[in-house]
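First up is the structure itself, then whatever we jot down about it.
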Amino acid sequence: MPDGERVQKVLSRAGYGSRRAAEDLVRAGRVSVDGERAPLGARVTASSRVAVDGVPVPTAPDLVYYLLHKPARVVTTAHDPEGRPTVVGLVPPEPRVFPVGRLDYDTAGLLVLTNDGELAQLLTHPSHGVEKTYLAEVAGLPSRGALRRLRDGIDLDDGPTAPARARVVGQHADAAAVEVTVHEGRNRQVRRMLETVGHPVARLVRTRIGPVHDDQLAPGEWRPLRPDEVRALYEAASGGTSR
């Protein structure tokens, strides 16, 4: 956008409704550009900082956002020196994207890939605490005491975890399915938490990233995130809400 675009067009592209709806947001004083209240018809460039109710809005027209169901035994990186398959190899090669956060080699589930550096930084910054939900198949049936320990926080070798949400959602013979929601991003955290309370993980899948989930996406499949999903991720990562 060498000469800039009208802010209404940028808002509409970012999922804030029609141009008319975007105009209403501007008239209501809910839109800022570079920290100042935006006038109707204001022009913005890719370097402008646009926000609605304090929630950042992506401005560049060439940004892409993919939701991938990462299979197990795929590396969360753009290149692996050992030649193992990577998540970047599962999505279109152009434009180049990068994974937001990590899933370990043996863990499957949802992963966002994008070329939007601002959103990636917001989602991965520890202070923003975007929740992530996992479904773990574990050995044995966790007791109420074990679940309470997960909810209160677990002492790991790199320090205590923040309180998590945890519940048993199924059981079969000598195994159980446990849903765990955390807002930290430590290496193999959920696996280590469950192992510490005596229930090693046999299989782990991430089912939700903040407000984004998709039960229909099969391992290895990807789809573009909808504008409303990108907007919801920005809101979750910045602590804002839309009205």
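Numerical summary
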| quantity | calculated |
| --- | --- |
| Qualifying residue in the range 213-223 (condition: modelled with pLDDT of 95 or more, aliphatic (A, V, I, L, M) and under 24 Å from Arg73 (Cα atoms)) | yes |
| Residues within the range 33-72 that are surrounded by fewer than 18 Cβ atoms within 10 Å (Cβ to Cβ) and not in a loop (DSSP other than H, G, I, E, B), tallied | 3 |
| Test set (1) outside any helix (DSSP H, G or I); (2) touching a helix residue (DSSP H, G or I) at 6+ places or on another chain (Cβ under 9 Å) - Ala236 fails condition number | (1) |
| Condition check for Gly109: under 24 Å from Arg191 (Cα atoms), open to solvent by less than 40 Å² (accessible area, probe 1.4 Å) and not β-branched (Val, Ile, Thr) | yes |
| Failed item in (1) out of contact with any Pro (no Cβ under 7 Å at 6 or more places or on another chain); (2) part of a loop (DSSP other than H, G, I, E, B); (3) loosely packed, with under 13 Cβ neighbours inside 10 Å, with Arg20 passing the rest | (2) |
| The lone exception for His69 - which of (1) closer than 17 Å to Ala218 by Cα; (2) in contact with a Lys or Arg (Cβ under 8 Å, 6 or more places away or on another chain) it fails | (2) |
| Flag if Arg102 is open to solvent by 70 Å² or more (accessible area, probe 1.4 Å) and at pLDDT 95 or above | no |
| Given (1) within 21 Å of Asp106 (Cβ to Cβ); (2) in contact (Cβ under 8 Å) with a residue 40 or more places away in the chain, number of the condition Arg192 does not satisfy | (2) |
| Output for the range 2-17, where each listed residue is at negative phi, in contact (Cβ under 8 Å) with a residue 60 or more places away in the chain and part of a loop (DSSP other than H, G, I, E, B) | Ala14, Tyr16 |
| Residue check, Val7 under 22 Å from Glu118 (Cα atoms), surrounded by 19 or more Cβ atoms within 10 Å (Cβ to Cβ) and among the hydrophobic types (A, V, I, L, M, F, W, C) | yes |
| Restricting the range 228-243 to residues that are open to solvent by 50 Å² or more (accessible area, probe 1.4 Å) and among the charged types (D, E, K, R), the residue that is modelled with the lowest pLDDT | Arg243 |
| Residue in the range 77-90 that is more than 30 Å from Ala202 (Cβ to Cβ), open to solvent by less than 60 Å² (accessible area, probe 1.4 Å) and in a loop (DSSP other than H, G, I, E, B) present | no |
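The values are calculated or read from the model by the stated rules, or taken from the named source; none is laboratory data. Keep in mind that this is a model prediction, so the values were computed, not measured. So basically every Cβ, Gly included, is an ideal-geometry build from the backbone, and we count neighbours across all protein chains shown. For the accessible areas, the whole protein counts, side chains as well, though only heavy atoms, and no ligand, DNA or RNA atoms are used. Shrake-Rupley method; radii C 1.70, N 1.55, O 1.52, S 1.80 Å.
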